[in-house]
Ligand code: SF4
């Protein structure tokens, strides 16, 4: 287990994410949920829920991690980024003054074990990295029960804690919010380099990885940037890493117009040139939803909303036309 803090003069330094907040007694970090309470940095949101729901795993979004199953999803409050376009700002950028612990790892694992068509537990909605202790205790217990675990994260985490997270998490959806550091600096209050390092670390670990990019008009919809992003994913993480291009809607501090379907289509075509599996999210088009075998071009999954229908697929997730392994984390759902 890595040390979560180190003493630094009269302060405690949090080692969880690259902000390295140095907290005087009584102060909380940038994430607003980790507080120096004297001798330790306390997690204020242990057992505190902002959302709790049995969701289709496709909703995370994860399209290649036990497709067709549900996953019990839980989240809390706070975030270590300050995205001015946050689509979940009510729970990420606002932390209630009065919070109470309403659940335990035991309760969540028990509920997950008996939930319908459920593959495991997802830590999502707000940023799960800052919920570290609760996520670790719950995920470790869940894995002992044979459940799978997922994290939906911004990837802004230090190497040592991520090494530990990789031990108890099976599937990752990481935001790559743009492929330039100006965007990260200006719109998120963070840097891109630690996120890229996290992506490489997860890919090298062999754990399941998918990526999401929310496309914001005029901010990260440059076609050359998408070409560079998809080339980087292909060369550093593997061309079979699924990429979800998600449509933006005005939210929180931004009032740019929603992403147009034409723009999404163009970026989808550019990314699809380099990557095997590119999807479009937050949109009602049929294109960009299905999974096509990258080798022979056969359609192996048709998606409509969160409904998933398999065809031309073997029991172990291979294309029945050419034997290409499309899904590595797969059990045929009824
Ligand atoms: S996890 Fe929170 S307290 Fe710790 S360094 Fe990051 S923002 Fe600061």
* Förster radius 41 Å - calculated FRET efficiency between residue 320 and residue 266, Cβ distance, rounded to 0.05 -> 0.80
* To do: Calculate, axis by axis, the spread of Cα positions in the stretch 176-231 along the three principal axes, and write the results as whole Å, longest axis first.
  => 35, 23, 15
* Extension reserve of the residue 40-residue 111 stretch, reckoned as 0.36 nm per residue once the Cα distance is removed -> 22.4 nm
* **Descending Cα extents along the principal axes, the stretch 225-322, whole Å** => 47, 32, 20
* Asked: Based on the Cβ-Cβ distance of residue 309 and residue 10, what FRET efficiency does E = 1/(1 + (r/R0)^6) give at R0 = 45 Å, to the nearest 0.05?
  -> 0.15
* Across the Cα atoms of the stretch 286-334, what radius of gyration and what greatest pairwise Cα-Cα distance (Dmax) are found, in Å? -> 10.2, 28
* **Helix-only [θ]222 nm of the chain, DSSP H runs n ≥ 4, -39500 (n - 2.57) each, per residue, nearest 500** => -6500 deg cm²/dmol
* **Two-decimal Rg/Rh across the stretch 212-269, once Rg and the Kirkwood Rh are taken from alpha-carbon atoms** => 1.00
* To do: Give me the Kirkwood hydrodynamic radius of the stretch 68-138, using the inverse of the mean 1/r over all pairs of distinct Cα atoms, in Å to one decimal.
  => 13.3 Å
* **Distance histogram for the stretch 269-309 (every C-alpha pair counted, 5 angstrom bins, percent rounded to whole numbers)** => 6, 23, 31, 25, 13, 3
* Structure fact -> Using the Kirkwood radius over Cα pairs of the chain, the Stokes-Einstein translational diffusion coefficient at 20 °C and 1.002 mPa s, in µm²/s and rounded to a whole number, is 105 µm²/s
* Highest mean first, what order results for 309-318, 267-276 on Cβ atoms within 10 Å? -> 267-276, 309-318
* How long are the three semi-axes of the equivalent ellipsoid for the stretch 30-115, computed from the Cα gyration tensor as the root of 5 times each eigenvalue, in whole Å, largest first? -> 26, 18, 11
* Structure fact -> Largest first and rounded to whole Å, the semi-axes √(5λ) derived from the alpha carbon gyration tensor of the stretch 82-193 read 27, 17, 12
* **Quarter of Cα convex hull surface for the stretch 165-204, i.e. mean projection, nm²** => 3.0 nm²
* To do: Over the stretch 136-229, consider all pairs of different Cα atoms and compute the Kirkwood hydrodynamic radius from their mean reciprocal separation; express it in Å, one decimal.
  => 14.3 Å
* What number, in percent, do you get for the relative contact order of the chain if the mean sequence gap of Cα pairs under 8 Å and at least 6 apart is divided by its residue count? -> 13 percent
* If we count other beta carbons within 10 Å of each Cβ, what is the order of 326, 286, fewest first? -> 286, 326
* Asked: How long are the three semi-axes of the equivalent ellipsoid of the stretch 182-284, in whole Å, if each is the root of 5 times an eigenvalue of the C-alpha gyration tensor, listed from largest down?
  -> 22, 17, 12
* Share antiparallel - DSSP beta bridges, the chain, percent rounded to 5 -> 45 percent
* **Calculated FRET value between residue 193 and residue 284, using beta carbons and R₀ = 25 Å, to 0.05** => 0.10
* From zero up to wherever the largest Cα-Cα distance of the stretch 8-162 sits, split into 10 Å bins and tell me the percent of pairs in each. => 11, 39, 35, 13, 2, 0
* Structure fact -> Taking Rh as the Kirkwood radius computed over alpha-carbon pairs of the stretch 144-194 and applying Stokes-Einstein at 10 °C with viscosity 1.306 mPa s, one gets a diffusion coefficient in µm² s⁻¹ of 128 µm²/s
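Where a number appears in this text, it was derived from the coordinates with a stated rule and is not lab data. Computed from a prediction, not measured in an experiment: that's the story for all the values here. Virtual Cβ from ideal backbone geometry, glycine too; neighbours counted across all protein chains shown.
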